[in-house]
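Please read the structure below before turning to the comments.
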Amino acid sequence: MRLDKFLKVSRLIKRRTVANTVSEMGRVIVNGNPAKPAKQLKIGDIIEIEYASKTEKFEVLIVPEGNVSVQEAPTLYKALN
């Protein structure tokens, strides 16, 4: 699954266009490297999202096939901070 879609489906970022923009700005890092929105994610990848005042780190636990419910979204990743 693409990085921008995963960020939206997991609800780490609310909209895919915002996920796209943030990735293009270089504020999303996957496994230590800045990642473009089209980066393909796999289980075990580490995602770092740089917000204005902090950086959040997550590990990908499940890569879904499509959309997931609000209740399932937190099961897709594990917060590492």
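The values are calculated or read from the model by the stated rules, or taken from the named source; none is laboratory data. Only a predicted model underlies this, so the values are computations on that prediction, with no experimental measurement involved. When we count neighbours, we look across all protein chains shown, and the Cβ atoms used for this are built from the backbone with ideal geometry, even at glycine. Heavy atoms of the whole protein, side chains included, go into the accessibility calculation; ligands, DNA and RNA do not. Shrake-Rupley method; radii C 1.70, N 1.55, O 1.52, S 1.80 Å.
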Separation of the residue 38 and residue 11 label points, Cα + 7 Å toward Cβ, nm
3.0 nm
Pop out the ³J(HN,Hα) list for segment 22-37 in order, Karplus 6.51 cos²θ - 1.76 cosθ + 1.60 with θ = phi - 60°, rounded to Hz; leave Gly and Pro as x.
4, 5, 4, 6, x, 9, 10, 10, 10, 6, x, 10, x, 10, 7, x
Under the helix-only model (-39500 (n - 2.57) for each DSSP H run of 4 or more, divided by the residues of the chain), the mean residue ellipticity at 222 nm, to 500 deg cm²/dmol, is -5500 deg cm²/dmol
Using θ = phi - 60° and the Karplus form 6.51 cos²θ - 1.76 cosθ + 1.60, what ³J(HN,Hα) does each residue of segment 57-72 get, whole Hz, x for Gly and Pro?
10, 9, 10, 6, 9, 9, 10, x, 6, x, 6, 10, 6, 4, 5, 7
Take the solvent-accessible surface of the protein heavy atoms, probe 1.4 Å, and return the percent of it on the chain that carbon and sulfur atoms account for.
52 percent
Under 5 Å, built H, 5+ apart or other chain: amide partners of residue 36:
none
Which distance in nm do the two modelled labels at residue 56 and residue 68 give, with both placed 7 Å along the Cα-to-Cβ direction?
1.4 nm
When ranked by the protection proxy of mean other Cβ atoms within 10 Å per residue, highest first, what sequence do the peptides 39-52, 5-18, 67-80 form?
5-18, 39-52, 67-80
Could you work out how much longer the chain between residue 27 and residue 46 gets when fully extended? Use 0.36 nm per residue separation minus the Cα distance between them, nm to one decimal.
5.5 nm
Candidates for Cα extents along the principal axes in Å are (1) 34, 24, 17; (2) 28, 25, 21; (3) 37, 22, 18, and the calculated one carries label (2)
